[in-house]
Amino acid sequence: MRILCYALLLTTRLSACALEGTVTDATTGNPVAGVRVFARAQGDDALPAYLRRSDQQGRYCFERLAPGTYHVIAQHAGYLDQTYGALPGGRNGIDLAVNRDEQLPPANLKLSARAVVSGVVLHADGSPAADADVRIYRKIQTRRGPELDDVEGKSADDRGVFRFPDLAPGVYYLSASPESRDDDRLTFRDAQGEPIYDIKKLSANRALRKALRRAERWFGPITFAAAETRAEIEAWLEIMIAQRLQRFASLARPDILRDPAFVAFYRELALPAEGEPLARLYSLTAGDEIVAVIEGLAFAGTYTPLVSSISPDPKYNRLSPGFTAAYFAVEDNLERGCRAYDLSVGELSYKARFHGEMAELFERREALSLQGVPAVLAGRLRTRARLFRRAHPALFARLRRDAKTDEPAEPNDD
């Protein structure tokens, strides 16, 4: 009888799992069968990874593993790869030390479904923004508060369509800019943090101060302020939306703020349900009326205006409310110690008055299939042609003159 007991004990010992656990769906909690689970040795890339598949109860078991340190990774169609102890889709998992004398607790894995964000980028007139640069950011919490993590960027296709697959769960924000890759940026401080930009030395400074003195005679005190309370943010957002809609309607132009989804997006940046806001609002007031509002992203020491409005009342045109508000916003961010003010893409005339630095932004095109190769090559050719044209303006000016000279005469109907 004693010999039989020893035999049963030995059998139980040999059949125990060196490493085991259960794989479940992170949303439903249900077990997931057929998941490929790898035990990958750490510290020696030459060692192969051990593979098992989860059963109908989601359970997996590695009966025998060589002593050492392992990471456990689960892979299954429709889910993000999951490393034990890491965030969904992440790779920095927990080291599991396997030895023959100690049984590890179960290494359970929760799989998160792959998320996809897709859409279409349109110009203000509703036409597709072909080859627009689209970036996606994930909202993360840091010791400094909420920040946006730059996840990925890609170009829209010739229909303006974009798609970001395989995203981890979270809150995301999108940005899109036209194919023109010129970015106008005001750099306030050098790499050592020393100030290198003096707004008061601009010729626009003297002209603006003179114009403000005249405007105060017409409208009363001209004041500029940043929103400090939730009530101010809410009120200024409503004014900004109303001004935009009224002004664009008078110009017979569509506006993105007609879409409730865009309104909700800008509102969430300034008035998040929790945490500190990512956006900062400014207003320019003439007398008792707000004549301009700017909402911008304050991120990583840089302020980037996102959306702005000016009063549709033509009497305020003599104040140049758009430029005046932009000037004071630059001045305020200088005083706050920001490193830069990003005027973003586009060749609007007022930007030249700030004497910023024009820069060609980084551009990347990737073909995800053989069918995408022609589109990538065509996009690269367009970029090279644009850069060549910019580098040789005299040549293209002469070609335009020659083209006009060589045009055939129109036929005479007589």
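Every read-out reported here was derived from the displayed coordinates using simple, explicitly stated rules and does not represent laboratory data. Fair warning: this is a prediction, and the values are worked out from it, not measured in the lab. Here Cβ is always computed from backbone atoms with ideal geometry, including for glycine, and neighbour counts include all displayed protein chains.
Database remark: amide H of V121 closer than 5 angstrom to the amide H of A129, V161, F162 (H placed geometrically; neighbours at sequence offset of 5 or more, or on other chains; Pro and chain starts carry no H). Between Y79 and R114, the built amide H atoms are under 5 Å apart, and every one of these is 5 or more places off in sequence or on another chain. A simple packing score, the average count of other Cβ atoms within 10 Å per residue, orders the peptides 161-167, 371-377, 282-288 as 282-288, 161-167, 371-377, with the highest score first. For L19, nonlocal amide neighbours, meaning residues 5 or more places apart or on other chains whose placed amide H falls under 5 Å from its own, are F62. Once both labels are positioned 7 Å from their Cα atoms along Cα-to-Cβ, the gap between E238 and A66 label points is 7.1 nm. Note on R53 and V120: with the Förster distance fixed at 41 Å, the Cβ-Cβ geometry gives a FRET efficiency of about 0.55.
Converting phi to 3J(HN,Hα) with the Karplus coefficients 6.51, -1.76 and 1.60 and the offset θ = phi - 60°, segment 214-222 yields 5, 5, 5, 6, 8, 10, x, x, 9 Hz in sequence order, with x at every glycine or proline.
Each residue of segment 88-93 was assigned a 3J(HN,Hα) from its phi angle through the Karplus curve 6.51 cos²θ - 1.76 cosθ + 1.60 (θ = phi - 60°); the sequence is x, x, x, 10, 7, x Hz, with glycine and proline shown as x. Dipole of segment 115-177 (Lys/Arg Cβ +1, Asp/Glu Cβ -1, origin at the Cα centre): which of G153, G126, I140 lies farthest to the positive side? Farthest along the dipole direction, towards plus: I140. Compared with the direct C-alpha span, the chain from F299 to V373 gains 23.1 nm at full extension, assuming 0.36 nm per residue. In plain terms, the chain from T383 to Q246 could stretch by 45.6 nm, reckoned as 0.36 nm per residue minus the Cα-Cα distance.
Taking R0 as 51 Å, what's the FRET efficiency between T27 and R253 from their Cβ-Cβ distance, rounded to 0.05? With a Förster radius of 51 Å, E is 0.75.
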